[in-house]
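Just so you know, all these numbers are worked out from the coordinates, no wet-lab data involved. If you're wondering where the values come from, they're calculated on a predicted model, not measured in any experiment. Cβ placement follows ideal geometry from the backbone for every residue including glycine, while neighbour counts extend to all protein chains displayed.
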Amino acid sequence: MRLLSLLLLLPLGCTAPPDDDDTAPDDDDVSDDDDASDDDDATPGPQIFEEVDPAAAGIATPSRGGGIGVQDLDGDGLPELLVADFEGAHLYRNLGNFQFEPWPEQPWDTADVFSEDHWGGTFADVDNDGISDLMLHQGARDPLYLGRADGSWQQVADPGFNDLGLTFSMSLGDYDGDGNLDLYTATHMVLDPSQPPDFDGEDELYRGDGTGSFVDVSAMLPEGLSDGRGFVARWSDFDHDGDPDLYLVNEVPPGDEPNHLFRNDGPDGDGWLWTSMDATCFCDLSLAGMGLAIGDYDRDGWQDLFMTNSTLEGRVQPGGTGSGEQLLKNEGDSVFLETALATGANVGARDGDNRWVSWGADWLDVDNDGWLDLYVAFGPLEDRAQTPQPNALLRNRDGSFDLEPDSGADSVSEARSVIPVDLDGDGCMDVVVGNIAGPIDLFRNTCNETAHWAQLELRGTTSNRSALGAVVRLSAGGETWRSEVLSGSVHGSPWKVLHFGLGEAEAVDSIEVDWPGGATEAFDGFDADRRVLLVEGSGR
C-alpha cells in the first residue's frame with residue numbers, strides 16, 4: 001500500500017493538545033510513543049467544547065466585524081486565522097495549543113474610507129503558484145493580495161472585480177474546468193458615493209485567468225437573477241455531472257428576490273450556459289437568508305442545503321412566522337425536498353423564544369461518528385440587541401437532529417460567521433465564531449470520543465492548486481462518504497481540508513477523487529487518525 005505525503009501522523013483516537021511551548025510537529029518528528037505521553041495527561045471535560053479566551057490566545061478584540069478566514073500559510077499543518085474588523089483585518093499565525101501571534105506582514109490599507117469596513121476574507125491560490133492568496137470583503141473595491149514564499153503579500157493593482165459592492169461572501173470555483181479559479185461575489189448592496197445606498201445589490205460572476213486577474217462575465221447568467229440582497233453563494237456539483245453549479249442565498253422579505261440555483265450546462269458558443277432551475281428545483285425560497293451550509297447530512301451521496309433564516313414577522317419564508325431554518329434534501333436531478341421540520345433542523349422555529357435570527361452555519365462531525373452535525377450562529381438584529389440569542393449545536397442522529405442542551409459552545413454573543421476547523425491538529429473539529437461586536441469566540445473540541453477519523457488535503461496540478469471543486473469518495477469499514485472541497489461562506493473562508501469521522505473503522509480502505517478538470521483518480525487507503533496530502537497525478 002502506497003501512502004502519500006503525511007501532513008500529520010497521529011495515533012489512534014484523539015490526542016491531547018501539545019504543551020504550551022509546542023508547535024505543530026514535522027512529519028518526521030512524530031511517533032506514537034510521543035503522543036501517547038500526552039494522552040496520559042489528558043483530562044476530558046464533560047462538555048463537547050470548552051471556550052478559549054481569545055485574548056489569552058493572543059487575538060486582539062475587534063471593534064466591530066464578524067468575519068473569519070482560516071488557511072495554513074506556513075505549511076506546518078496548523079491553519080492561520082484571519083479576523084475581520086471594521087478598523088482593519090488582522091492575520092494571526094497559529095503556534096499550536098490555541099496560541100497565536102500576529103503574522104509578520106499585514107499590508108492591508110485602511111486609509112481609504114471604503115477599506116474601513118472589513119467584513120471578512122477568502123483564501124485561495126488564484127495564481128496557481130502553490131501559495132495561498134487573500135481577497136478581503138469590504139465596503140467596496142475588494143482588494144486581492146498575492147501570497148509570496150517569504151510570507152509577504154503583494155497587492156494586485158486592479159484585479160478586475162467589484163468596484164462598488166458591499167461584498168458579504170466570495171465563492172471561488174473553476175466553472176469551465178480550465179485550471180483557473182473563477183469568482184462569484186454575493187453583493188448585499190451597491191455603495192456609490194454619489195448616490196444613496198442601493199439595497200438591490202448586483203452580484204457578479206468573474207472568469208479568472210490564473211494570474212490574479214478577473215474578467216466580468218456576469219452577462220452569461222440568466223437575466224435579472226443576480227440582482228438582490230446577496231448574502232452568500234457557493235459552488236457545488238449538485239447534479240453529479242462533473243462541473244460546479246451555483247446556489248445563491250438572498251436576504252430579503254418574502255415576495256422579493258428569492259434564492260436561485262444556477263445549473264452549469266457547459267460551453268455555449270463563445271460563452272457559457274447557465275440554466276435557472278428555479279421553476280423545478282423547489283429550492284427558490286424567499287427568506288431572510290444569511291448562512292448556507294452544504295453537506296451530505298443523510299449520507300446518501302448527494303449534497304444537501306441548510307439555510308439560516310429569521311422567525312421575526314415579515315422576514316420568513318412564505319407559510320407564516322416560525323418557519324425558521326430550512327434544510328433542503330437533494331433528491332438528485334436538481335430537485336430538493338424541504339426536511340427541516342421532519343428532521344428537527346429548524347431550531348429557530350422550535351425555540352423561537354430564545355433564537356430568532358440565525359446567521360452563519362456549517363456542518364462538522366463533532367464526535368467522529370460519521371454523521372455531519374450542524375453548528376448554527378444566532379444573533380439579534382441591532383434594534384433588538386438587548387436580547388441574547390445562544391448559538392446552537394444540532395447533533396445528527398442517523399439523519400435527524402437533536403439540540404445539544406449543554407455543548408459548551410452555546411455562547412450568546414452577537415454571532416455572524418461560523419468556521420469549523422481543527423485548530424490544534426488533534427483530529428477533532430473546533431469552531432471559530434465571528435461576532436458583529438466584540439471578540440471572536442474560540443471553541444475547542446474536548447476530544448472525549450474514541451471514534452476514528454481521517455483528514456484529506458488536496459492539491460491540484462492540472463486542476464486549480466487549491467483543488468476547489470474536487471469531489472472525494474472515501475470508503476472505510478464498509479461505508480462510503482462523499483465530500484467536496486468548497487469555498488464561500490458568509491463573511492468568511494472555510495477550511496479546505498476535508499474531515500471524515502470514521503466511527504469504529506480503524507483504516508481508510510480506498511479513496512477516489514474527481515478532480516475539477518475532469519480526471520478521476522484512485523488512491524490507496526491508510527490507517528485511520530491521520531491527515532494525508534493527495535496530489536493530483538500521484539495516485540495509482
Inset, instruction - Beta carbons within 10 angstrom, averaged per residue: use that to sort the peptides 95-107, 361-373, highest first. - result: 361-373, 95-107
Legend entry - Additional length obtainable on full extension of the chain from LEU273 to ALA55, 0.36 nm per residue less Cα span: 73.6 nm
Inset, instruction - Return the FRET efficiency for the residue pair PHE282, ASP402: r is the Cβ-Cβ distance, R0 is 41 Å, and the value is rounded to the nearest 0.05. - result: 0.95
Inset, instruction - Using only the alpha carbon atoms of the range 464-516, find the Kirkwood hydrodynamic radius as the inverse mean reciprocal pair distance, in angstroms to one decimal. - result: 12.3 Å
Inset, instruction - Would you mind calculating the gained length between ASP216 and THR387 on full extension (0.36 nm times residue separation, minus the Cα-Cα distance), in nm to one decimal? - result: 57.3 nm
Legend entry - Relative contact order [Cα under 8 Å, 6+ residues apart], the range 399-476, whole percent: 18 percent
Inset, instruction - Kindly list the residues of the range 341-376 that lie in the label zone of VAL412, defined by a backbone N under 16 Å from the point 7 Å along the Cα-to-C-beta vector. - result: 352-357
Inset, instruction - Taking the Cα atoms of the range 374-526, report the difference between the largest and smallest coordinate on each principal axis, in whole Å and largest first. - result: 54, 34, 28
Inset, instruction - Taking the convex hull of the Cα atoms, report for the range 496-540 its projected area averaged over all directions, in nm². - result: 3.5 nm²
Legend entry - Percent of beta bridges antiparallel (DSSP, the range 394-462, rounded to nearest 5): 100 percent
Inset, instruction - Stick to the Cα atoms of the range 248-305, pair each with every other, and give me the Kirkwood hydrodynamic radius in Å at one decimal. - result: 13.1 Å
